[in-house]
Amino acid sequence: MKFSLWPQNSRTPADLLEEVRAAEDAGWYGTWLADHYMPNTGDTTPAHGDTYECWALLPALAAITERVRIGTLVSPTSVHHPALLAKRAATIDRLSGGRMTLGIGAGWQVNEHHAYGIELEPPGRRVSRFEEAIQVVRSMLSDESTTFHGSCYNLTEAPCDPKPVQSPLPILVGTRSPRMLRITARYADQWNTWATPEQAAAPRAALFEACDAVGRDPATIWTSVNALIEFDARTPPPGRAVLFGSAERLVDQIGQYADLGYDEFILPDWNLGTTKTEIADALAQIKTKVLDQL
């Protein structure tokens, strides 16, 4: 199993780039960035707070690294036109020498859509838009040109030149809903979820059921899982999936993901400190005392 890092977009660009360079030097497999414009409030209330734009940061990450993979977790098709996503991903894949993964989703964060006047369609329509978008992206990254006429998008002999270095450039989808899982099984290369080890078996099994339904070999989809880590904590904080406890307990917990068949564990750094020194020290401890032991 591979181990990747998910830095928070609130870091200053200088601190973020320093953290990513250190991750590459320490042997992390990949680095991921969220694609949001403000902190989430759970409703239409806008939120202030530094949130650097994902697609503006990715070229810098590609330029200052040589080995570590880079990608989005995830870019919403409610916000981004699929042709632009394909062009951006292909360009960054060229810039990085073939290290880009394009993570996409249907979109969900209410306050950023409301504040910026971007329509967040009802769930059914939003998924229909996503299903068209992923087909457009897949075609533009692979085919000589793309002609697509759907209810949301219309493209006529649209080129995407130059093509990415990777063939195919991996497309990742983050989802759990049955319809989205079937779309993932048809068109994606990778799938991602949040889960503790106790929660992680069920969504992966649901993905595999979706693969069976559309005739896809589930072994051809890369699966990744995200969880926060609270080193030496006795009880988990509420909210997102969290691994907690001693180094030995954390080794066992992350090992359970591998036993379930997950290919990649992604660690967000969001709770690991408020200064770059605190975060760096926490990451070094997790890397040497936990991940390297696996």
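The values are calculated or read from the model by the stated rules, or taken from the named source; none is laboratory data. Quick caveat, the model's predicted, so the values are computed rather than measured. Glycine also receives a Cβ, built like all others from the backbone with ideal geometry; neighbour counts cover every protein chain displayed. Each accessible area value is taken on the protein alone, full model and side chains, heavy atoms only, with ligands, DNA and RNA left out. Shrake-Rupley method; radii C 1.70, N 1.55, O 1.52, S 1.80 Å.
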Checklist line | Calculated from backbone phi, Karplus (6.51, -1.76, 1.60) coupling profile of the stretch 20-26 in Hz, x at Gly/Pro | finding: 5, 4, 5, 4, 5, 4, 7
Next item on the list: Measure nothing but the geometry: give the 0 to 90° angle between the long axis through the Cα atoms of 123-142 and the longest principal axis through the Cα atoms of the chain, rounded to 10°.
Entry: 80
Notebook entry, point to check: Carbon-plus-sulfur fraction of the accessible area of the stretch 158-294, 1.4 Å probe, in percent?
Noted result: 52
Notebook entry, point to check: How high is the FRET efficiency from Thr156 to Arg94, r the C-beta distance, R0 22 Å, rounded to 0.05?
Noted result: 0.35
Item checked: Virtual spin-label span in nm between Trp270 and Ala60, 7 Å along Cα→Cβ -> 2.1
Margin query: Compute the angle between helix 178-187 and the longest alpha-carbon principal axis of the chain, please, reported from 0 to 90 degrees and rounded to the nearest 10.
Written below: 70
Checklist line | Accessible area per residue, Å², the chain with all protein chains present, probe 1.4 Å | finding: 44
Notebook entry, point to check: By the gyration tensor of its Cα atoms, with a ≥ b ≥ c the square roots of the eigenvalues, what is the shape of the stretch 82-153: rounded for a/c under 1.5, prolate for a/b over b/c, or oblate?
Noted result: oblate
Margin query: Need the C-alpha centroid separation for the stretch 35-98 versus the stretch 116-190, integer Å.
Written below: 16
Item checked: Student exercise, the chain dipole from Lys, Arg, Asp, Glu Cβ charges, in Debye to nearest 20 -> 420
Notebook entry, point to check: Between Ala219 and Ala205, what length comes free when the chain is fully extended (0.36 nm per residue of separation minus the Cα-Cα distance, one decimal in nm)?
Noted result: 3.8 nm
Check: What is the helix-to-structure angle for 247-260, meaning the angle in degrees between its Cα long axis and the longest Cα principal axis of the chain, kept from 0 to 90 and rounded to the nearest 10?
Finding: 30
Item checked: Cα lying deepest toward the dipole's positive end in the stretch 44-173, options His114, Ala89, Ala62, charges on Cβ -> Ala62
Margin query: Can you sort Trp270, Trp55 by solvent-accessible area, 1.4 Å probe, largest first?
Written below: Trp270, Trp55
Next item on the list: Please get the size of the charge dipole for the stretch 180-294, origin at its Cα centre, with Cβ charges of +1 on Lys and Arg and -1 on Asp and Glu, quoted in debye to the nearest 20.
Entry: 280
Check: For the stretch 37-143, what is the charge dipole size about the Cα centre, in debye to the nearest 20, if Lys and Arg each add +1 at the Cβ and Asp and Glu each add -1 at the Cβ?
Finding: 400
Checklist line | Rounded Å value of the spacing that divides the Cα centres of the stretch 1-29 and the stretch 218-294 | finding: 14
Check: Once you put a point 7 Å from the Cα of Gln293 and another 7 Å from the Cα of His81, both along the Cβ direction, what distance in nm separates them?
Finding: 5.2
Notebook entry, point to check: Gain in length, Asp259 to Thr45, computed as 0.36 nm per residue apart minus the alpha-carbon separation, to one decimal in nm?
Noted result: 72.9 nm
